[in-house]
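Data block below; observations after.
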Amino acid sequence: MPLHRRSTLHALCGAVLVALGAAMAPAAQAQTFPVKTIKFVVPFGPGSGTDTSARYFAKKLQDLTGQAVVVENKPGANGFLAVKQVLTAPADGYTVFIGSNSTLAVNAALFKELPYDPVKDFSPLTMMMRAPAMLVVPPNAPYNDLKGLLAYAKAHPGQVNFGAGSAGYQLMGELLNDRAGLQTVHVPFKSAGETMTAVASGTVDYAFAEVTAVLELAKGGRVKILAVAADQRVANAPEVPTMSEAGLPGFEAYTWVGAMVSAKTPSAETARLAELFTTISKMDETRAFYERLGATPMTGGPAQMHEFQNGEIALWKRIVQQAKVPLQ
């Protein structure tokens, strides 16, 4: 073969190999990702449903990848501190935000201005779980059912208060005020754990909280559960009536948890994390884990979570308007 033809052939082969290498690089990178410790940032303290989900998924993700996964709790400021930490960290897929209905939907409805955009600033990975809220009161409360609480609150307008560990629970309390015609006072806390401590001590008169934060306390006699805000009773507390059964028809309120990364994260790493999270959410042991807690695993991927999140934001904005909740 003439020298010039061999040179041309070598050049063409080289160009093809370079092109193939460029095309395969993202795929190869995604397959090797992760290669170091992953951090989950949780906007609430230990004991919350969000924290419980984060720690379960952290263990499973560590098992799947062989890489350490650490959970960091960053409560306070309506989740703003945790969000800031995630969005200012390197957008390389190694910092994951484990958010909730409060940080990823309710805040968009409750605040005039947010220091972040819960849709545009994040890329969704998957939903993790959904759980109905429970209405709880102190163990020595002068009422033992929902009707008793409503009657007491109506007889003492402006003197009864409710605790809320996040914006989501605040709106549940405001929704109860609107539906039942109450005038009660919102007392903010940093987490579900703090809120339950306040309920147990009688610092606040009642609160909504996720099933995971309530059941053990109720079994120990530290709080009383009046009702579950769901369309049906939960399997691990079948004695607790729904809000409808207890006297307030149609009242439902759910918490949910989902995972996201900064929207600036490369698509390959985002896709790989989404694949891993979705794999975990579909495991039989994941369903069993959540069912023991009175919750339901959510198995949709990024597209389903994006659609669900937008629907939730629209829902809570309607509730804020209907209940005439002042914007913060």
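The values are calculated or read from the model by the stated rules, or taken from the named source; none is laboratory data. Keep in mind the model is a prediction, meaning the values are calculated, not measured. Counting neighbours? That spans all protein chains shown, and the Cβs are built from the backbone with ideal geometry, glycine included.
Looking at the stretch 32-70, which of the residues that are of a type in the set (K, R) and in contact (Cβ under 8 Å) with a residue 12 or more places away in the chain is farthest from K282 (Cα to Cα)? Among residues in the stretch 32-70 that are of a type in the set (K, R) and in contact (Cβ under 8 Å) with a residue 12 or more places away in the chain, the one farthest from K282 (Cα to Cα) is K36. Checking R318, R233, R272 one by one, the residue that is in the same structural domain as D121 (by TED's automatic domain parsing) and either under 25 Å from L175 (Cβ atoms) or touching a His at 6+ places or on another chain (Cβ under 9 Å) (or both) is R318 and no other.
When G93 is tested against (1) small (G, A, S); (2) in a helix (DSSP H, G or I); (3) in contact with a Leu (Cβ under 9 Å, 6 or more places away or on another chain), only condition (2) is not met.
Go through the stretch 226-249 and report how many residues are within 17 Å of L315 (Cβ to Cβ) and free of Cβ contacts under 8 Å to residues at least 24 places away in the same chain. So the answer is 1. Applying the criterion of being part of a helix (DSSP H, G or I) and hydrophobic (A, V, I, L, M, F, W, C) to the residues of the stretch 173-204, the residue that is surrounded by the most Cβ atoms within 10 Å (Cβ to Cβ) is A192. Restricting the first member to the stretch 205-216 and to residues that are under 12 Å from G165 (Cα atoms) and modelled with pLDDT under 85, and the second to residues that are of a type in the set (A, V, I, L, M, F, W, C) and buried (at least 24 other Cβ atoms within 10 Å of the Cβ), the beta-carbon pairs closer than 6 Å and six or more apart or on different chains are E210/A131; A213/A192; A213/M196. The residues of the stretch 55-97 that are touching a Ser or Thr at 6+ places or on another chain (Cβ under 6 Å) and crowded, with 18+ Cβ neighbours inside 10 Å, listed by number, are P75, G79, V86, L87, A91, G93. Among the residues of the stretch 304-311, are any in a helix (DSSP H, G or I), under 13 Å from K60 (Cβ atoms), of a type outside the set (A, V, I, L, M, F, W, C) and at pLDDT below 95? No - not one qualifying residue is present in the stretch 304-311. Filtered by the rule that a residue be out of contact with any Asp or Glu (no Cβ under 8 Å at 6 or more places or on another chain), outside any loop (DSSP other than H, G, I, E, B) and over 16 Å from L61 (Cβ atoms), the stretch 109-139 gives A109, L110, F122, S123, P124, R130, L135, V136. The residue that is modelled with the lowest pLDDT, among those in the stretch 124-148 that are surrounded by fewer than 23 Cβ atoms within 10 Å (Cβ to Cβ) and within 30 Å of A82 (Cβ to Cβ), is R130.
Among the candidates A207, A235, A259, single out the residue that is among the aliphatic types (A, V, I, L, M) and either assigned to a helix (DSSP H, G or I) or surrounded by fewer than 23 Cβ atoms within 10 Å (Cβ to Cβ) (or both).
Working: A207 fails: either assigned to a helix (DSSP H, G or I) or surrounded by fewer than 23 Cβ atoms within 10 Å (Cβ to Cβ) (or both); A259 fails: either assigned to a helix (DSSP H, G or I) or surrounded by fewer than 23 Cβ atoms within 10 Å (Cβ to Cβ) (or both).
Answer to the selection: A235.
Of all the numbered requirements in (1) more than 24 Å from P297 (Cβ to Cβ); (2) touching a strand residue (DSSP E or B) at 6+ places or on another chain (Cβ under 8 Å), P124 misses one, and that requirement is (1).
When the residues of the stretch 238-248 are narrowed to those that are part of a loop (DSSP other than H, G, I, E, B) and in contact with a Lys or Arg (Cβ under 9 Å, 6 or more places away or on another chain), which ends up surrounded by the fewest Cβ atoms within 10 Å (Cβ to Cβ)? Please lay out each step first, then the result.
The initial filter retains those residues of the stretch 238-248 that are part of a loop (DSSP other than H, G, I, E, B), namely 238-241, 247-248.
Next, only the ones that are in contact with a Lys or Arg (Cβ under 9 Å, 6 or more places away or on another chain) stay: 239-241, 247-248.
Numbers: E239: 6, V240: 23, P241: 16, G247: 18, L248: 18.
That would be E239.
Taking the stated definitions as given, is A246 small (G, A, S), more than 23 Å from the chain's Cα centre (by Cα) and at pLDDT 95 or above? Working first, answer last.
Values: small (G, A, S): yes; more than 23 Å from the chain's Cα centre (by Cα): yes; at pLDDT 95 or above: yes.
When the stated conditions are applied, A246 passes them.
Pairs are defined by a Cβ separation below 6 Å, a sequence spacing of at least 6 or placement on different chains, a first member in the stretch 167-191 that is closer than 19 Å to A105 by Cβ and of a type in the set (K, R), and a second member that is surrounded by fewer than 19 Cβ atoms within 10 Å (Cβ to Cβ) and modelled with pLDDT of 90 or more; no pair meets this definition.
Select from the stretch 267-295 the residues that are part of a loop (DSSP other than H, G, I, E, B) and surrounded by fewer than 17 Cβ atoms within 10 Å (Cβ to Cβ) and write down the one among them that is farthest from the chain's Cα centre (by Cα). Checked the stretch 267-295; the qualifying residue farthest from the chain's Cα centre (by Cα) is M283.
Restricting the stretch 149-172 to residues that are crowded, with 16+ Cβ neighbours inside 10 Å, outside any loop (DSSP other than H, G, I, E, B) and at pLDDT 95 or above leaves a set whose member that is nearest to the chain's Cα centre (by Cα) is G163.
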